[in-house]
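Asks: Let me begin by handing over the structure; questions about it come next.
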Amino acid sequence: MTIHGSTSFVFCHEDMRFPVSLEVMGDHYVRNALVALGVAHQMGLDPRDAAGELSHFHGQRQRMIPTETCYLIDDTYNASPDSMRASLRVLATMDGITGRRIAVLADMLELGEDERAYHYNIGEYIAGEKIDEVYVYGDLSREILKGIADHNGKIRIEHFPDRESLTAFLLDYVKKEDIVLLKGSNGMKLSEVSQAIQNKE
């Protein structure tokens, strides 16, 4: 995966072998594309034609936005444990990064009675990934930082009391070569942080 926001792989089936390029990022999109190509093949369609159509797909999530402040991965639409891990994996595995890999996270809402455990598990996951810094806001997101701290003391972490203080910090702190992932449930309004970063001159 590259900083330009694309994913490539080779589709292989029996004597068929050809490259596939997606304008979205993440291993989960590769798995989805493989299912689509398999269905196309079973339906008697040429998987190469299906791959051509997939190359035009642009998802609603993980928008790649170069700004004057930093390079953004805007995935603020929603969040669940699985989608959080998928986005963090994108951040950790992108090629061509010369700055810091920074995850800016907020609470995942409506997860039920195990919500704190889900957030702690995300922290455990981050601890094993190539991510330099994690900044969060929201009560539940404190558990993310606990999970990181318990398993990796090298990642810089900080909790912010509200979205406004988090935004002010990022506007002053991040640099153009940094790549910043914004991820949280829609109700946490990290989209406003994204807009503030994009609007900074």
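Asks: May I ask you to say which residue of E115, E143 is modelled with pLDDT of 95 or more, in contact with a His (Cβ under 8 Å, 6 or more places away or on another chain) and not in a loop (DSSP other than H, G, I, E, B)?
Replies: Working: E115 fails: in contact with a His (Cβ under 8 Å, 6 or more places away or on another chain).
It is E143.
Asks: Within the group R89, R100, R156, which residue is open to solvent by 40 Å² or more (accessible area, probe 1.4 Å) and either closer than 15 Å to Y71 by Cβ or of a type in the set (F, W, Y) (or both)?
Replies: Just one listed residue meets the conditions, R100.
Asks: Need pairs with beta-carbon distance below 8 Å; first residue closer than 14 Å to I122 by Cβ and within the stretch 146-160, second in a loop (DSSP other than H, G, I, E, B); sequence gap 6+ or separate chains.
Replies: Final answer for the pair search is I148/I155; H151/G128; N152/G128; I155/I131; I155/D132.
Asks: Another question, then. From (1) modelled with pLDDT under 80; (2) within 26 Å of A106 (Cβ to Cβ); (3) open to solvent by 20 Å² or more (accessible area, probe 1.4 Å), pick out the condition that doesn't hold for G38.
Replies: Here G38 clears every test but (2).
Asks: Do the conditions hold for Y77, that is, is it open to solvent by 10 Å² or more (accessible area, probe 1.4 Å) and among the hydroxyl-bearing types (S, T, Y)? It would help to see each step written out before you state the result.
Replies: Working: open to solvent by 10 Å² or more (accessible area, probe 1.4 Å): yes; among the hydroxyl-bearing types (S, T, Y): yes.
Yes; evaluated as a whole, the condition is true for this residue.
Asks: If T98 meets every condition in (1) assigned to a loop (DSSP other than H, G, I, E, B); (2) in contact with a Phe, Trp or Tyr (Cβ under 7 Å, 6 or more places away or on another chain); (3) not basic (K, R) apart from one, which number is that one?
Replies: (2)
Asks: State all residues of the stretch 178-201 that are out of contact with any strand residue (DSSP E or B) (no Cβ under 9 Å at 6 or more places or on another chain) and hydrophobic (A, V, I, L, M, F, W, C); if no residue qualifies, say none.
Replies: Residue satisfying the conditions is A196 alone.
Asks: Across the stretch 174-191, what is the number of residues that are closer than 23 Å to D139 by Cβ and open to solvent by less than 90 Å² (accessible area, probe 1.4 Å)? Before you say what the answer is, go through the steps one by one.
Replies: We begin by selecting, within the stretch 174-191, every residue closer than 23 Å to D139 by Cβ; these are 180-191.
Within this subset, residues satisfying the condition of being open to solvent by less than 90 Å² (accessible area, probe 1.4 Å) are 180-188, 190-191.
Residues in the stretch 174-191 being closer than 23 Å to D139 by Cβ and open to solvent by less than 90 Å² (accessible area, probe 1.4 Å): 11 in total.
Asks: Collect the residues in the stretch 169-186 that are part of a helix (DSSP H, G or I) and either modelled with pLDDT under 95 or touching a helix residue (DSSP H, G or I) at 6+ places or on another chain (Cβ under 9 Å) (or both), keeping them in residue-number order.
Replies: Here is the first cut: in the stretch 169-186, the ones part of a helix (DSSP H, G or I) are 169-173, 186.
Residues satisfying the conditions are L170, L171, N186.
Asks: Then there is this: Could you check the stretch 48-65 and list, in sequence order, the residues that are modelled with pLDDT of 65 or more and open to solvent by 90 Å² or more (accessible area, probe 1.4 Å)?
Replies: Kept after step one, since they are modelled with pLDDT of 65 or more, are these residues of the stretch 48-65: 48-55, 63-65.
Correct list: R48, D49, E53, R63.
Asks: Then there's this: What residue, among those in the stretch 103-148 that are among the small types (G, A, S) and either under 15 Å from the mean Cα position of the chain (by Cα) or open to solvent by 60 Å² or more (accessible area, probe 1.4 Å) (or both), is nearest to N186 (Cα to Cα)? Steps first, answer last, please.
Replies: Start the filter on the stretch 103-148 by keeping residues that are among the small types (G, A, S), which leaves 103, 106, 112, 117, 123, 127-128, 138, 141, 147.
From the residues that got through so far, the ones that are either under 15 Å from the mean Cα position of the chain (by Cα) or open to solvent by 60 Å² or more (accessible area, probe 1.4 Å) (or both) too are 103, 106, 123, 128.
Details: A103: 16, A106: 9, G123: 20, G128: 26 Å.
Filtering the stretch 103-148 for residues that are among the small types (G, A, S) and either under 15 Å from the mean Cα position of the chain (by Cα) or open to solvent by 60 Å² or more (accessible area, probe 1.4 Å) (or both), the one nearest to N186 (Cα to Cα) comes out as A106.
The values are calculated or read from the model by the stated rules, or taken from the named source; none is laboratory data. Note that the structure is a prediction, hence the values are computed from the model and not measured. Ideal geometry is used to build each Cβ from the backbone, glycine not excepted, and the neighbour counts take in all protein chains shown. What goes into the accessible areas is simple: the full protein's heavy atoms, side chains included, and nothing from ligands, DNA or RNA. Shrake-Rupley method; radii C 1.70, N 1.55, O 1.52, S 1.80 Å.
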